[in-house]
Amino acid sequence: MTRQRFTYQELAEQWGITVPAAKQRVRRAGWKRGKGNDGIVRVLVPEDTERMETAVSPKKPAESQALETLRATVENLTGVTVRQAQRIDDLTTALLDSREQNAALRERLAGLEARKTTETTEPAQPQNPEATERRLQQGYGVTPKRSRRRWWPFG
């Protein structure tokens with residue numbers, strides 16, 4: 001079994017990852033590493049390993065699915081926000097219309113109250129004075145005076 005020597009920088013470029021991630025992969029794989037006289041650490045990588053050929057995709061499937069879910073949620077919230085803004089505009093318009101109607105009704109009510117006060121200051125005339133007089137003579141509309149109870153001792 002032959003081995004090749006690579007620096008962490010070379011491994012990171014080959015795998016498409018960062019240098020700290022390359023160091024972590026080397027530690028997990030248990031490959032031997034050694035520091036040369038020039039002070040650079042080199043890793044002994046077996047040739048038959050599949051790790052050298054597999055490049056890591058920049059986005060993992062779970063991350064891309066989460067990103068799609070997040071995008072869909074943002075689009076949904078944007079639509080809800082637009083609908084709510086439209087509803088607020090509609091309600092504001094309805095409120096202004098009802099305020100105008102309220103003001104018109106208040107003016108009309110004030111006019112009616114003013115007319116009522118002028119009408120009540122004049123004495124009320126019966127519509128048919130003769131019939132009213134006849135009814136009073138017959139005893140209709142007159143409340144009889146209550147007599148005292150004689151059997152009650154306190155008046």
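Being at pLDDT below 90 and surrounded by fewer than 10 Cβ atoms within 10 Å (Cβ to Cβ) is a description that does not apply to Glu63. Name the residue, out of Thr78, Thr117, that is modelled with pLDDT under 90 and out of contact with any helix residue (DSSP H, G or I) (no Cβ under 7 Å at 6 or more places or on another chain). The conditions single out Thr117.
Restricted to the range 40-50, and to residues that are modelled with pLDDT under 90 and either in contact with a helix residue (DSSP H, G or I) (Cβ under 7 Å, 6 or more places away or on another chain) or loosely packed, with under 11 Cβ neighbours inside 10 Å (or both), which residue is nearest to Thr7 (Cα to Cα)? Of everything passing the filter in the range 40-50, Glu47 is nearest to Thr7 (Cα to Cα).
The values are calculated or read from the model by the stated rules, or taken from the named source; none is laboratory data. Note that the structure is a prediction, hence the values are computed from the model and not measured. Note that each Cβ is placed from the backbone with ideal geometry, even for glycine, and that neighbours are counted across all protein chains shown.
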